[in-house]
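Asker: One structure, pasted below without further comment.
No lab work stands behind these numbers, since they all come straight from the coordinates. What you are looking at is a predicted structure, and each value in this text was computed from that prediction instead of being measured.
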Amino acid sequence: MADTKWKPGQSGNPNGRPKKENCLTDILKSKVDAEDLAERLINAANNGDMTAMKYIYDRIDGRPRESVDIDSRSDVNMNMVVEIVRPKNADS
C-alpha cells in the first residue's frame, strides 16, 4: 500500500484541471455589458425594487450571519447546512 501513496511534492494531477470549453460563465461575460447591467440594477433599486436593493447590499456588505441554537439533549434528528463564508476581498 505504501508504494501507491504520493511522494512529498508530487502532484496527482500535474497538468491541472482541464480548461472548460464554451463555459456559460465565459460566454455571458463576453456578451454582457457589466457597467450597463450595474446601472440598471442601481436604477431598479433607486426606484424601490426591494430585490435589487437586497442584491446590491448582499454584494457590497455580504449576507448577514445567522446563528442557530442546538439542544444536544434532544432526540430529534437534525440536518445541518454549512455555508462557507469568504472574506469580502476573496477572489471569485
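Asker: Please list the three semi-axes, largest first and in whole Å, of the ellipsoid equivalent to segment 9-60, using sqrt of 5 times the eigenvalues of its alpha carbon gyration tensor.
Answerer: Semi-axis lengths for segment 9-60 are 37, 15, 7 Å.
Asker: Then there is this: Once phi is turned into θ = phi - 60°, what whole-Hz ³J(HN,Hα) does the Karplus curve with 6.51, -1.76 and 1.60 give for every residue of segment 33-42, x standing for Gly and Pro?
Answerer: In residue order, the calculated couplings are 8, 4, 5, 5, 4, 5, 4, 5, 5, 5 Hz.
Asker: Express in nm, to one decimal, how much length is gained between residue 56 and residue 84 on full extension, taking 0.36 nm for each residue of separation and deducting their alpha carbon distance.
Answerer: Result: 8.1 nm gained on full extension.
Asker: Another question about this same structure. So between residue 25 and residue 6, what do we pick up on full extension, going 0.36 nm a residue minus the alpha carbon distance?
Answerer: Extending this stretch completely gives an extra 3.4 nm.
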